[in-house]
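Worksheet: one structure, shown below.
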Number of protein chains: 4
Amino acid sequence: MADRGGGHRLGWLGAGRMGVALIHRLLDAGCDVTVYNRTRAKAEALAAAGAKIASTAAELASADIVFVTVGTSQDFIDALTGPGGLTSGDRAPSVVVDCSTVSAEASQRVREMLVGQGCALLAAPVMGNPKVAEVGRLTFAVSGSRLAFDTVGPYLDMLGAGATYVGDGELARTVKLCHNLFLGVVTQSLAEITVLAEKSGISRQALLACLNNSVMGSTFSRYKTPAFVNLDFHPTFTSSLLRKDFDLGLAAAREHEVPMPIASAVHQLVQGLVGYGFSEDDFATLLVLQARSAGLELASENAEVSDGLEPASRD
Amino acid sequence: MADRGGGHRLGWLGAGRMGVALIHRLLDAGCDVTVYNRTRAKAEALAAAGAKIASTAAELASADIVFVTVGTSQDFIDALTGPGGLTSGDRAPSVVVDCSTVSAEASQRVREMLVGQGCALLAAPVMGNPKVAEVGRLTFAVSGSRLAFDTVGPYLDMLGAGATYVGDGELARTVKLCHNLFLGVVTQSLAEITVLAEKSGISRQALLACLNNSVMGSTFSRYKTPAFVNLDFHPTFTSSLLRKDFDLGLAAAREHEVPMPIASAVHQLVQGLVGYGFSEDDFATLLVLQARSAGLELASENAEVSDGLEPASRD
Amino acid sequence: MADRGGGHRLGWLGAGRMGVALIHRLLDAGCDVTVYNRTRAKAEALAAAGAKIASTAAELASADIVFVTVGTSQDFIDALTGPGGLTSGDRAPSVVVDCSTVSAEASQRVREMLVGQGCALLAAPVMGNPKVAEVGRLTFAVSGSRLAFDTVGPYLDMLGAGATYVGDGELARTVKLCHNLFLGVVTQSLAEITVLAEKSGISRQALLACLNNSVMGSTFSRYKTPAFVNLDFHPTFTSSLLRKDFDLGLAAAREHEVPMPIASAVHQLVQGLVGYGFSEDDFATLLVLQARSAGLELASENAEVSDGLEPASRD
Amino acid sequence: MADRGGGHRLGWLGAGRMGVALIHRLLDAGCDVTVYNRTRAKAEALAAAGAKIASTAAELASADIVFVTVGTSQDFIDALTGPGGLTSGDRAPSVVVDCSTVSAEASQRVREMLVGQGCALLAAPVMGNPKVAEVGRLTFAVSGSRLAFDTVGPYLDMLGAGATYVGDGELARTVKLCHNLFLGVVTQSLAEITVLAEKSGISRQALLACLNNSVMGSTFSRYKTPAFVNLDFHPTFTSSLLRKDFDLGLAAAREHEVPMPIASAVHQLVQGLVGYGFSEDDFATLLVLQARSAGLELASENAEVSDGLEPASRD
């Protein structure tokens, strides 16, 4: 099966849970993918599905397009510009697509280094978690060279449910921050109304069923429903990570002179999660604090509720 | 075509825009519907589609199930219990389904009167506006007799995208208030991040495309997109009506001793809309105040953006 | 010693802690005061200081001016208009000065009854607690007849540190609500900065000494200092009473279409005090919640700090 | 007249409005003061009152104690450590007391340089504005060497209404930030209740008279009264400077993991002042935004109101 992206040689840097989910989607679509992961074993598990395995990041330099899903800003800098890194040899791919969540500063720094080697960097932060990725519902905000985006677009479409080009440079990272500010506000609001409903005599399950079914329902409100109903706060996104995104998002707002009355109020509540010891739990523990402040003792409703993340059908 | 609800005789009180949209759905599904409207002409327009027209509300008493979509609490009381009203004769339908937004007090009062005539009242407030109704995406929270809900459920399914039974008495009205508190918070949060994005150099269209496409996207965020992008604040729901729902929702929270830090902050912002002269505009004017506070002059982006309200397919 | 108020016969209804403190001030100033208290023993303790004791509220009708310090709106209505009440006979004083905290509705109702008997009602809610009263620092906002205020003014001056005429009818009650909204906001802000200071390495005592000494210091900030430093939350004003004043103050704001972003945010925090079980503690427990949300365990500093309530000198 | 501080030779760096007011107080108390100002003319005006005038900052190095009141962090660094600066020669005073508002970083850097020359730096930020200084009501939070504070204390007492030692290093700067966060919150709360009162029918003058007279009154609430009553927004402290202190105060709170729900809400409102074009007006323009949001058109009450800043008596 030929891929529908144009037959480019693809490289992938970083085979964590998110990376693996995404690589599988490319392989399933018939793409030619070479994978490098610091811990080689993780990459090798992909060989059975058709991936080629590289021994160094530098080996990926001969690919046309290299996707990156690494953990931190420093990992990103090391993998691209460090010794043995992607650009440590005498060639570079045409486009690097960074799907990690790295700082605008790290990204800007790498972008400038790559440009000297004729390589465009696209910032392509993802919206959604690994489970969302696995079912093909991840979306991407993309910024950088428009030309590069046009080349890469078909592959991004294979990776999830759509990519939107938002402009130059690091703008996609601002979009991601906006997205996460919204996500935090929405979660706090869900916590407030869920507790109000429960104290009024309505089960959390019933309230969330109504909301999820209504015009206000979203993939997010549905996949957070089990956490709210059955109090499963195993983290998909920790309070401290959300706090960090609020830190960054509100710093951006301050830089651009934008008051954010509601986002900043939620920022303080998320900070409270840290104070109350929930920093490494899922940020849905906002529900716990909300219930406490209302004198409500929460108990799991032990209900069978779907997270709505059935695999999306593929055409 | 026989209806799939069980062949009950249906009555409908109130043929405003929402009523008309819903009545058409029942008629299209082959139901037997008799309509009464204070201004008879409005009801008569439905005759061509197969509706029978009643001259008084009392005539609907011979129906099995009567739906109500009237404007105010007083209209509701008059239509059901006033002279010439539904229950002014010696019989009553088995079930009255109130899809209006009336006060819990009015509903409770009518409920008690109906029960003496062997008639169950279901509170079934709608989530969505008339346009949502027209495309079949309205949803209902329903409270009252569970038995009555089981009878009426199939018809509610015909009317929109689903009905959820939430418990006894007026609980559905609390769900509706929760829904609208959430809607207000979500809109303010969208306003904040949209202005942040715009001041960062990202068009409102691009930001909202990303969000709508992402896990955070909802039918609501999509149908508000044209207002945000092209600044069309022709009201679907006025600021003063939203303020009223916040008044009621926060009164319920106070009664149940539930702090609502974010909802109450939005309440004050919605109150500000009134002070700034937007009370009869759409509540999406929250965007206007947000932009002003950020020193941003908004201009329409004159973009072709969908409200996402294509008619839902029917199976 | 002749009193400096003009030698009127004074009556006093209600000899609780606040009443007793105030009556003593009149007696010390040489006034002619007759006291009625439901529990006669409390009134009799004042006889040694020169008070005359009445057996019924009605006996006070022959006074020129009657002050009222009772507990609740119902007590107020009963004492003035009930059987055996002040106006149950065929005469009435010229002026009744209500220093209680009663509802505007109760006050308005009594006002209308009194006017028919040629008696003016002044609403004169106090600002300050009984201890403040004892040291002569109580102040009064007064509304009602300006003429009556001119007569009563000299006595109010004896009672504390000043009375301000604010207008007709119940306006003084609005001033009292404004005062208490301010007091709640100030206390929450003190809680926030005290916890910030402590986590930065500054003792609560040092921070509050700086503030109290600075232009921001007030009688209030000084008399709350022992509570903040040594964690004495024995109530001078309970969280639930403060919550009630926020309920009323924000209802007034809603009625007059005034957004109150900060007062409403504090309202929710005070509501949280109730949820966390502090409703019958002093509202200075806002400090406790603030500390918890910051992950700070509070301990008494066991410091000798003054509440600043040394008796004011009299000239 | 011998000074009561111990007869030290004093130096003063910076003769702006605040510096001049403070130098006069030392001279009036009989102290030996040598003044350096970049613009020499300003310093010379003090000669008539008994000051000695220095030609360079370095000349002040022979003083025992040098006070600093300069404008910015950079001025501070230049004046102390630059060419021709205080420490550019081979000697240094025993103590430098910085009464400017400089950054903790600048202060820390200078502190380390001074310590090598056997000179202690005290951070002694002032609470109050130049007018407050002129009437002798300025207060100081002081941090650094306790020993140095004991030496300098008597002079600080001459300068105003009291100095409080709060701990090591830069802690006094945190106290100052706490003070200004409090000041901002108090002002917003005053704005809210003033507008509520006015829309209820109570003049701003009457409300503020009540408050100022009550236990909640402060030197600050009194000196802001003319601005609130007569709408004089000539800046004593601009919105943008207050915003900067909120930036710093909330950054400190974030560093110490302290949620600040109310301070952060006021931060956003102060940010709104910038958006609405009030950045260079007095921050009391919070009243203007508050009134607008309530649909209230403010007009000056043209009332004679005192700012309460009569000179304090000296014993």
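Report the residues of region C:54-69 in range of a label on C:A47: point 7 Å along Cα→C-beta, backbone N strictly under 12 Å from it. Zone members listed by number: C:54-55.
Which number do you get for Rg(Cα) / (2.2 N^0.38 Å) in region B:145-251?
Compactness ratio reported: 1.34.
Note on chain D: with a GNM built from Cα contacts shorter than 10 Å, the maximum mean-square fluctuation among D:G201, D:G162, D:G118 falls on D:G201. Per-residue mean of foreign Cβ neighbours for D:166-172 is 4 (Cβ atoms of other chains, 10 Å radius). Per residue of D:119-130, other chain Cβ atoms within 10 Å of the residue Cβ number 1 on average.
With n ≥ 4 as the cut-off for DSSP H runs, can you work out [θ] at 222 nm for chain C, using -39500 (n - 2.57) per run divided by the number of residues, rounded to the nearest 500?
-14500 deg cm²/dmol
Using a Förster distance of 45 angstrom, determine the FRET efficiency expected from the C-beta separation of C:S62 and B:S88, and round it to 0.05. So the FRET efficiency works out to roughly 0.15. Pairs from the table (D:K176/D:K244; C:K176/C:K244; C:K199/D:K176; A:K244/B:K199; B:K131/B:K224; D:K131/D:K224) lying more than 19 angstrom apart at Cα are A:K244/B:K199. In a simple Cβ point-charge model (Lys, Arg +1; Asp, Glu -1; nothing else charged), region D:1-123 has a dipole of about 200 debye relative to its Cα centre. Computed from point charges on the beta carbon alone (+1 for Lys and Arg, -1 for Asp and Glu), the dipole magnitude for the protein assembly as shown about its Cα centre is near 0 Debye.
In the frame of its principal axes, region D:68-216 has Cα extents of 68, 29, 25 Å, reported largest first. Comparing D:F76, D:F67, D:F182 in a Gaussian network model of chain D where C-alpha atoms under 10 Å apart are linked, the largest mean-square fluctuation is found at D:F182.
Near A:K52, which aspartates and glutamates are there with a Cα under 13 Å away, not counting those fewer than 8 places off in the same chain? Result set, ordered by chain and number: A:D32, A:E44.
Stokes-Einstein diffusion of region C:201-315 at 20 °C, 1.002 mPa s viscosity, Kirkwood radius from Cα pairs, rounded to a whole number: 136 µm²/s. In a shell of Cβ-Cβ distance under 14 Å around D:Q108, excluding D:Q108 itself, what net charge do Lys and Arg (+1) and Asp and Glu (-1) give? My count for the surroundings of D:Q108 gives -2. Over region C:106-147, all Cα pairs binned in 5 Å intervals from 0 give whole-percent P(r) values of 5, 22, 21, 16, 14, 14, 7, 1, listed from short to long. Scaled to the globular estimate 2.2 N^0.38 Å, the Cα spread of chain C, given as radius of gyration, is 1.06.
For region C:38-106 versus region A:1-62, the inter-centroid distance based on Cα atoms is 88 Å.
Dipole orientation for chain D: of the candidates D:G167, D:S239, D:A265, D:G167 has the Cα lying most toward the positive pole (charges on Cβ; Lys, Arg +1; Asp, Glu -1).
What is the ratio of the Cα radius of gyration of region A:1-75 to 2.2 N^0.38 Å, where N is its residue count, to two decimals? Spell out each step's value before the answer.
Numbers: Rg = 11.4 Å, N = 75, 2.2 N^0.38 = 11.3 Å.
This ratio for region A:1-75 stands at 1.00.
The Cα atoms of region B:72-157 define a convex hull whose projected area, averaged across directions, is 5.7 nm². Counting only other chain Cβ atoms within 10 Å of each residue's Cβ, the peptide B:154-161 averages 1.
When C:L248, B:L183 are sorted by how many other C-beta atoms sit within 10 angstrom of their C-beta, beginning with the fewest, the order is C:L248, B:L183. Using R0 = 60 Å, the C-beta based FRET efficiency linking C:Q117 and D:L147 works out to 0.25. Taking 0.36 nm per residue of sequence separation and removing the Cα-Cα distance, the B:R4/B:D247 pair yields an extension gain of 83.5 nm. Highest mobility in the GNM of chain C, judged by mean-square fluctuation with C-alpha springs under 10 Å and restricted to C:V66, C:V152, C:V110, is found for C:V110. Max-minus-min Cα coordinates of region A:224-291 on each principal axis give 40, 21, 18 Å, with the largest extent listed first.
Any idea what log10 I(q)/I(0) is at q = 0.15, 0.20, 0.23 Å⁻¹ for region D:110-189, Debye with uniform C-alpha scatterers and no solvent? With one equal scatterer per Cα and no solvent, log10 I(q)/I(0) is -0.57, -0.90, -1.07.
Can you compute the charge dipole magnitude of region B:176-301 about its Cα centre, using +1 on each Lys and Arg Cβ and -1 on each Asp and Glu Cβ, nothing else charged? Give it in debye, rounded to the nearest 20.
Charge dipole of region B:176-301: 180 debye, to the nearest 20.
Summing charges over all other residues whose Cβ lies under 10 Å from the Cβ of C:E134, with Lys and Arg as +1 and Asp and Glu as -1, gives +4. Computed from the alpha carbon positions, the gyration tensor of the protein assembly as shown leads to an equivalent ellipsoid with semi-axes of 56, 50, 23 Å, biggest first.
Quick check: convex hull of the Cα atoms in region B:31-108, volume per residue, rounded to a whole Å³?
91 Å³
Read the figures in this text as sums done on the coordinates, not as results from a lab. Only a predicted model underlies this, so the values are computations on that prediction, with no experimental measurement involved. With ideal geometry, Cβ positions are generated from the backbone for all residues, glycine too; neighbour counts draw on all protein chains shown.
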